Amino acid sequence: MSDYLLVGIGAASGGMARYWLTGIVQRIVPATMPYGTLTVNIIGGFIIGLIMYYFDYHNIISPEVKILLTIGFCGGLTTFSSFSFETLNLLTQSEFFYAFLNIFSNVFLSLLATSLGFLLSKLIGVIYGN
């Protein structure tokens, strides 16, 4: 299957998951900050950390599945453009606290989630002797 088709299928799935998850989060928590985008960025960071540091490292997935899940699904799930737009909206509305909280939260928590995916992959390797 063409890599472009794999990326397209993954991105479409990731985009649908993003739309669904952000909708759920925005209904649950107050709309003071774009928590839906933050949530998908954290989840996407965790998923890509787990895939790249465990499944790819141990050759558990094929290059095609890696492309589908990382570039496609995670690329469609996480979004820098929405993050940028929502942060700019907060800044133009003089919501400086929430704008900077949004920047810090998305960057720090996404990096933390990717690190947790990495650490979980290490733990899985220890448990299963990989």
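Descriptive notes on the structure:
- Residue in the range 25-43 that is farthest from Glu86 (Cα to Cα), counting only those that are in contact (Cβ under 8 Å) with a residue 12 or more places away in the chain and in contact with a Gly (Cβ under 8 Å, 6 or more places away or on another chain): Val25
- Total residues in the range 48-81 satisfying the condition of being of a type in the set (A, V, I, L, M) and within 18 Å of Gly8 (Cα to Cα): the figure is 7.
- Pairs are defined by a Cβ separation below 7 Å, a sequence spacing of at least 6 or placement on different chains, a first member in the range 93-121 that is loosely packed, with under 15 Cβ neighbours inside 10 Å, and a second member that is not aromatic (Phe, Trp, Tyr); the pairs so defined are Leu111/Gly45; Ser115/Gly49.
- Of all residues making up the range 1-27, the number that are modelled with pLDDT under 95 and of a type in the set (A, V, I, L, M): 1
- Filter result for Glu95 (modelled with pLDDT of 90 or more and within 26 Å of Leu5 (Cβ to Cβ)): no
- Enumeration of residues in the range 16-38 that are in contact with a Ser or Thr (Cβ under 7 Å, 6 or more places away or on another chain) and surrounded by 19 or more Cβ atoms within 10 Å (Cβ to Cβ): Arg18, Thr22, Gly36, Thr37, Leu38
- Candidate set from the range 1-45 (those that are assigned to a helix (DSSP H, G or I) and among the polar types (S, T, N, Q)); member that is farthest from Leu91 (Cα to Cα): Ser13
- Residues (buried (at least 19 other Cβ atoms within 10 Å of the Cβ) and of a type in the set (Gly, Ala, Ser)) located in the range 39-74: Gly44, Gly45, Gly49, Gly72
The values are calculated or read from the model by the stated rules, or taken from the named source; none is laboratory data. As the structure is a prediction and not an experimental result, all values here were calculated from the model. Please note: Cβ atoms are built from the backbone with ideal geometry, for glycine as well, and neighbour counts cover all protein chains shown.
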